[in-house]
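The values are calculated or read from the model by the stated rules, or taken from the named source; none is laboratory data. In this text the structure is predicted, and so the values were computed from the model without any measurement. Positions of Cβ are backbone-derived with ideal geometry, glycine not excepted, and every protein chain shown enters the neighbour counts.
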Amino acid sequence: MAQAPTPAATSPAATTPAAAAPAAAAQAAIRILALGDSLTAGFGLPRDEGFVAQLQVALREAGYPSLTVLDGGVSGDTTAGGRARLDWALAEKPHGAIVALGANDGLRGLPPAATAQNLAAILDRLLEREKIPVLLAGMKAPPNLGAEYGREFEQAFSRLAARPGVIFYPFFLEGVAAVPALNQPDGIHPNREGVAEMVRRMLPDARELAARAAKIAAERA
């Protein structure tokens, strides 16, 4: 009669302090600021169905049980507005940030150069003064503004992607924009299912942000 295979020994490396460090960091109280507009604030949705709430649940389930996503979304806000209220948004000392502004810049046809300048100033503050990692979510302009404006608008985001400390997610509404079943009747704001799709697509990058933020939280604890 064949003998049952002997269980493999646990690798010593698995119990070393170095190997345990990432797990310990994940248990720290992590705060991630979601700086945005109505898309971040969950316009038209119950609080527990909005982007902030759904992303927080997803990241906790992904291994960060003590992570909190801070709601820095203000409906109607532009990149200029987000820049102006940074002091208020940073009051709770986040360890990482998602910057998801620009949709209203595009809807209003504001100069892409101004959008780029505001975003650069926001990143300067977060990366250089606050010294926290950033997930920058890109945005696309409405097609009725023309191809040239659309290209310049997208470049306002993509040109910032190479900055150290930035994780770039090219389009915040990827897979959701212009899909009726995933949007509210206004055709602009995602419904519950649309937000879930946004979170699902962004989650790999959000997990990377959480990992970096966890290190900051552990260092500052």
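At-a-glance table
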| item | result |
| --- | --- |
| Answer residue from the range 162-206, given it is assigned to a strand (DSSP E or B) and without any contact (Cβ under 8 Å) to a residue 40 or more places away in the chain and is surrounded by the most Cβ atoms within 10 Å (Cβ to Cβ) among those | TYR169 |
| Boolean, GLU152 is farther than 26 Å from ALA214 by Cβ, of a type in the set (D, E, K, R), out of contact with any Ser or Thr (no Cβ under 8 Å at 6 or more places or on another chain) and at pLDDT 95 or above | yes |
| Residue within the range 123-141 that is among the small types (Gly, Ala, Ser), touching a strand residue (DSSP E or B) at 6+ places or on another chain (Cβ under 6 Å) and on the phi < 0 side of the Ramachandran plot present | yes |
| Tally of residues being small (Gly, Ala, Ser) and either assigned to a loop (DSSP other than H, G, I, E, B) or under 19 Å from ARG212 (Cα atoms) (or both) across the range 120-149 | 4 |
| Hits in the range 139-161 (condition: charged (D, E, K, R) and surrounded by 14 or more Cβ atoms within 10 Å (Cβ to Cβ)) | LYS140, GLU152, GLU154 |
| One residue from ALA196, ALA177 being out of contact with any Pro (no Cβ under 8 Å at 6 or more places or on another chain), at pLDDT 95 or above, under 19 Å from LEU59 (Cβ atoms) and not hydroxyl-bearing (Ser, Thr, Tyr) | ALA196 |
